[in-house]
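Structure incoming, see below.
All of the numbers you see were taken from the coordinates with simple rules; none came from a lab. All of these numbers come straight from a predicted model, not from anything done at the bench. Reconstructed Cβ throughout: ideal geometry from the backbone, glycine too, with neighbour counts over all protein chains shown.
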Amino acid sequence: MGYPTKVQLIKRKASEQWYINFPAALAQAMEFERGEVVEWVIEDKANLLLQRPGLAASEAERGLSGALPAPSQSSSSRRRGPSANGAAQSGPTRSR
């Protein structure tokens, strides 16, 4: 199950900032802590990988099977539309 999220842009006179909010259900399933440092890695133009440099290897290998709660949704709120590159979205893909 994917969690659609909008990319937001705030433009100021001298700068701009891009935001992607992390859904609470994912943050809780990943057991993130306030102030934790993560690192974005660009795999290709369709995939970003979020790494946790401080996570011990044993914790990373533990996996998350079944850890993600189902998002709350109404019957009409989950429509798949065109993505940024114009292709229809068919759901999340994994490159690893």
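Residue separation times 0.36 nm, minus the C-alpha to C-alpha distance between R34 and N21: what's the value?
That works out to 3.3 nm of additional length.
For segment 22-61, what's the relative contact order in percent, using C-alpha pairs closer than 8 Å and at least 6 residues apart?
It comes to 28 percent, rounded to a whole number.
May I pose another question? With +1 on each Lys and Arg Cβ and -1 on each Asp and Glu Cβ, and nothing else charged, work out how big the dipole of segment 22-61 is about its Cα centre, in Debye to the nearest 20.
160
If I take R0 = 22 Å and measure r between the Cβ atoms of I10 and D44 in this structure, what FRET efficiency does the formula 1/(1 + (r/R0)^6) give, to the nearest 0.05?
So, using R0 = 22 Å, E works out to roughly 0.25.
What is the ratio of the Cα radius of gyration of segment 22-61 to 2.2 N^0.38 Å, where N is its residue count, to two decimals?
For segment 22-61, the normalised Cα radius of gyration is 1.26.
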